[in-house]
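*Asks:* Sharing a structure with you now.
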Amino acid sequence: MSVFMQTLSVIFYILLIILVIALIVLVLNAIQTLGKVDRLVDDVSRKSKKLDGVFTIIDNTTDAMVGFSDMIVSFTADRIGRIFKRKKENKHE
């Protein structure tokens, strides 16, 4: 039984060494991948900062157009409301 236990412990230690080596390889690959992801995020961040001005211009233009269209809709609704109000007043007389 002693020989069997020694053989089993040797096999266990060999498997443990293989597992540790595999984990070291995986950690090194993960570190390399994270380095690549970090460079990619920095690149995207720089490019998005360059486009911030364009998005600000688009946002301001959109706000101006919305304000203008709101004035037109308000003016039109007011005029239509006055027309219907006059027709109601004429029917009551």
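Nothing in this text is a laboratory measurement; each read-out follows from the coordinates by a stated rule. These figures come from a predicted structure and were not determined experimentally. No Cβ is skipped: glycine too gets one built from the backbone with ideal geometry, and neighbour counts run over all protein chains shown.
*Asks:* Using the Cα centre as the reference, give the magnitude of the dipole from point charges on the C-beta atoms of the chain (Lys, Arg: +1; Asp, Glu: -1; all else neutral), rounded to the nearest 20 debye.
*Replies:* Charge dipole, the chain, about its Cα centre: 600 debye, nearest 20.
*Asks:* Could I ask something else about it? Given the options Leu28, Leu15, Leu51, state which has the largest fluctuation in a GNM of the chain using a 10 Å cut-off (strictly under) for Cα springs.
*Replies:* Residue with maximal mean-square fluctuation among Leu28, Leu15, Leu51: Leu15.
*Asks:* Could you compute the net charge surrounding Ala77? Neighbours are other residues with a C-beta less than 13 Å from the C-beta of Ala77; K and R count +1, D and E count -1. List each step's numbers first, then the result.
*Replies:* Working: positive: Arg79, Arg82, Lys85; negative: Asp70, Asp78.
Taking every Cβ under 13 Å from that of Ala77, the sum is +1.
*Asks:* Given a 10 angstrom Cα cut-off, can you work out which residue in Gly35, Gly67, Gly81 is the most mobile in a GNM of the chain?
*Replies:* Judging by the Gaussian network model, the answer is Gly81.
*Asks:* Using a 10 angstrom cutoff on alpha carbons, build the Gaussian network for the chain and name the most mobile of Val37, Val20, Val54.
*Replies:* It is Val20.
*Asks:* Distances longer than 14 Å among the Cα atoms of segment 24-75: what percent of all pairs is that? It would help to have the intermediate numbers written out before the result.
*Replies:* Numbers: 948 of 1326 pairs.
The calculated P(r) of segment 24-75 puts 71 percent of pairs beyond 14 Å.
*Asks:* Charges on Cβ only, +1 for Lys and Arg, -1 for Asp and Glu, centred on the Cα centroid of the chain; of Ile83, Ile18, Ser45, which one is farthest towards the dipole's positive end?
*Replies:* The residue sitting farthest along the positive end of the dipole is Ile83.
*Asks:* I'd like to know how the chain sits against the 2.2 N^0.38 Å rule of thumb: what's its Cα Rg over that expected value? Could you put the intermediate results ahead of the total?
*Replies:* Working: Rg = 37.3 Å, N = 93, 2.2 N^0.38 = 12.3 Å.
Rounded to two decimals, the normalised Rg is 3.03.
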